[in-house]
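Undergrad: Okay, handing you the structure first.
The values are calculated or read from the model by the stated rules, or taken from the named source; none is laboratory data. Please read all numbers here as calculations on a predicted model, not as lab measurements. So basically every Cβ, Gly included, is an ideal-geometry build from the backbone, and we count neighbours across all protein chains shown.
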Amino acid sequence: MHMEGGSLWVAHCAHNMLSRSRVADDGGMTATMEKQLTDPSLQMPTTLVRRQGRLYVVRSRCDKGGPMSPGVANSPFTVAEVRGM
């Protein structure tokens, strides 16, 4: 998760999805989802960060071995820039 200026970005690993929500001025008790992006190329995103207006996600590939599938992942995690979020 990453929170900045009243917006909250969340990586949803098992669904290959990212979301952006607007957090209300109620102490952070509620939020309204503004945008979702679902794409298999996210490769099970585990975390994300925004830097200088750009969103970067860690693509875990946990479905290629590890906690979400049998075996051990044979390739490293990668970081990708995501546009439009």
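For (1) touching a Cys at 6+ places or on another chain (Cβ under 6 Å); (2) under 16 Å from ALA80 (Cα atoms); (3) buried (at least 16 other Cβ atoms within 10 Å of the Cβ); (4) free of Cβ contacts under 8 Å to residues at least 40 places away in the same chain, each residue gets a yes or a no:
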| site | (1), (2), (3), (4) |
| --- | --- |
| SER7 | no, no, yes, yes |
| ARG20 | no, no, yes, no |
| GLY27 | no, no, no, yes |
| LEU37 | no, yes, yes, no |
| LEU42 | no, yes, yes, no |
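Undergrad: List, please: which pairs have Cβ atoms under 9 Å, are six or more places apart or on different chains, and start with a residue in segment 46-61 that is more than 14 Å from HIS15 (Cβ to Cβ) and end with one that is exposed (fewer than 14 other Cβ atoms within 10 Å of the Cβ) and among the acidic types (Asp, Glu)?
TA: From segment 46-61, the pairs are ARG50/GLU4; ARG54/GLU81; LEU55/GLU81; TYR56/GLU81.
Undergrad: Additional query: Is there a residue being part of a strand (DSSP E or B), of a type in the set (Lys, Arg) and closer than 16 Å to VAL79 by Cβ anywhere in segment 32-52? Steps first, answer last, please.
TA: Let us first name the residues in segment 32-52 that are part of a strand (DSSP E or B), namely 32-38, 45-51.
Those left that are additionally of a type in the set (Lys, Arg): 35, 50-51.
Next cut, closer than 16 Å to VAL79 by Cβ only: 50-51.
Yes, because at least one residue in segment 32-52 is part of a strand (DSSP E or B), of a type in the set (Lys, Arg) and closer than 16 Å to VAL79 by Cβ.
Undergrad: Further question on the same structure: So which residues in segment 4-31 are closer than 21 Å to THR46 by Cα and not in a strand (DSSP E or B), if there are any at all?
TA: Those that are closer than 21 Å to THR46 by Cα and not in a strand (DSSP E or B): CYS13, ALA14, HIS15, ASN16.
Undergrad: For the list (1) touching a strand residue (DSSP E or B) at 6+ places or on another chain (Cβ under 6 Å); (2) at pLDDT 90 or above; (3) aliphatic (A, V, I, L, M), I need the number of the one condition that MET3 fails.
TA: (1)
Undergrad: While we're on this one: Mind checking which residues of segment 40-85 are at pLDDT below 95 and aromatic (Phe, Trp, Tyr)?
TA: PHE77
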